[in-house]
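See below for the structure under consideration.
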């Protein structure tokens, strides 16, 4: 079976407008890993409130992204691409999907995964979110490689085989389809024609529309506990304190500029989606052709 691997930023999503809304709803997890000094300030009740708000946020985002006027956080058409892959997975032609990104915010990768899974009604399509600091990624330490994080076949293979996907040890480049808006030379050399470069997706969803969704989903979260934590993590010299939702929105707005207006609609059809669908249809065609040849051979044996 095959594995489909996608870059995130500007390939299947553009999270600039949604970053603070997503990560603030996952604040307990972020504090646990990045700001352990604030652990004692996160109560169990606040954690449960934010979990509920996050799940609500996912559901509303799916509703909006599948409406006549998508938000455009996900590249329009990506959900349909994932639906095709889910069908291929059920047909035993595709094993799993992986998000392989140099974005270092794991909650952002998980958000994209969760939106896709909510849309499909599954939890099994995307088996791994390989962010920049993923424990199986070691591009930074590979000898003779420039001191920057780049994507490599060696690392991707390790993630697929040793990570949650549990790909077979015999996994080779012919088993992997990869999609990115950038060129990563080592990975491109290994994958050849199965490395697909897509045009960058640069639409920045409307901040105003996201505020409306955020305001709705967070209404049952205790601002007495939540707002001060947001200020500690995201506050600036201009906005160092937060005591209410309006303060939180002001802090987020200060770092989120030049997004689409409420009336803007993302590009509904683009070459990137066509490239993704063509790769899926090519695999499906090969699978059907292979199955047909097998049936013909079996038929000849029966006749003989």
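Can you tell me which residue is nearest to residue 19 (Cα to Cα) among those in segment 102-143 that are part of a loop (DSSP other than H, G, I, E, B) and touching a helix residue (DSSP H, G or I) at 6+ places or on another chain (Cβ under 6 Å)? Let's see the steps before the verdict.
As a first pass, look at segment 102-143 and keep what is part of a loop (DSSP other than H, G, I, E, B): 102-105, 121-125, 131-138, 142-143.
Narrowing the set further to residues that are touching a helix residue (DSSP H, G or I) at 6+ places or on another chain (Cβ under 6 Å) leaves 123, 125, 131, 136-137.
Working: 123: 23, 125: 23, 131: 15, 136: 25, 137: 23 Å.
So, considering only residues that are part of a loop (DSSP other than H, G, I, E, B) and touching a helix residue (DSSP H, G or I) at 6+ places or on another chain (Cβ under 6 Å), the one nearest to residue 19 (Cα to Cα) is 131.
For the residues 85, 79, the requirement of being closer than 30 Å to residue 204 by Cβ, in contact (Cβ under 8 Å) with a residue 12 or more places away in the chain and either touching a strand residue (DSSP E or B) at 6+ places or on another chain (Cβ under 9 Å) or outside any helix (DSSP H, G or I) (or both) singles out 85. Here segment 1-37 is the region considered, the condition is being out of contact with any helix residue (DSSP H, G or I) (no Cβ under 9 Å at 6 or more places or on another chain) and assigned to a loop (DSSP other than H, G, I, E, B), and the residue that is farthest from residue 80 (Cα to Cα) is 16.
Confirm whether residue 216 is within 15 Å of residue 24 (Cα to Cα), modelled with pLDDT of 95 or more and out of contact with any helix residue (DSSP H, G or I) (no Cβ under 6 Å at 6 or more places or on another chain).
In short, yes.
Scanning segment 38-50 for residues that are in contact with a helix residue (DSSP H, G or I) (Cβ under 9 Å, 6 or more places away or on another chain) and either free of Cβ contacts under 8 Å to residues at least 12 places away in the same chain or in a helix (DSSP H, G or I) (or both) yields 38, 39, 41, 45, 46, 47, 49, 50.
With respect to residue 53, determine if the residue is touching a residue at least 40 places away in the same chain (Cβ under 8 Å) and within 26 Å of residue 135 (Cα to Cα).
Numbers: touching a residue at least 40 places away in the same chain (Cβ under 8 Å): yes; within 26 Å of residue 135 (Cα to Cα): no.
Taking the combined requirement at face value, the residue does not satisfy it.
Restricting attention to segment 96-110, which residues are more than 19 Å from residue 25 (Cβ to Cβ) and either at pLDDT below 95 or surrounded by fewer than 21 Cβ atoms within 10 Å (Cβ to Cβ) (or both)?
First pass over segment 96-110, keeping only residues more than 19 Å from residue 25 (Cβ to Cβ): 96-98, 100-102.
Matches in segment 96-110: 102 only.
Somewhere in segment 269-279, is a residue exposed (fewer than 13 other Cβ atoms within 10 Å of the Cβ) and in contact with a helix residue (DSSP H, G or I) (Cβ under 9 Å, 6 or more places away or on another chain)? Among the residues of segment 269-279, not one is exposed (fewer than 13 other Cβ atoms within 10 Å of the Cβ) and in contact with a helix residue (DSSP H, G or I) (Cβ under 9 Å, 6 or more places away or on another chain), which makes the answer no. Number of residues in segment 229-260 that are over 27 Å from the mean Cα position of the chain (by Cα), buried (at least 17 other Cβ atoms within 10 Å of the Cβ) and more than 18 Å from residue 213 (Cα to Cα): the value is 2. I need the full set of residues from segment 172-191 which are closer than 20 Å to residue 96 by Cα, in contact (Cβ under 8 Å) with a residue 12 or more places away in the chain and surrounded by fewer than 19 Cβ atoms within 10 Å (Cβ to Cβ), in order please. Within segment 172-191, 173, 174, 175 qualify.
The values are calculated or read from the model by the stated rules, or taken from the named source; none is laboratory data. Everything numeric here is computed off the predicted structure, so don't read it as measured data. For neighbour counting, all protein chains shown are included, and Cβ atoms are generated from backbone atoms with ideal geometry for every residue, glycine included.
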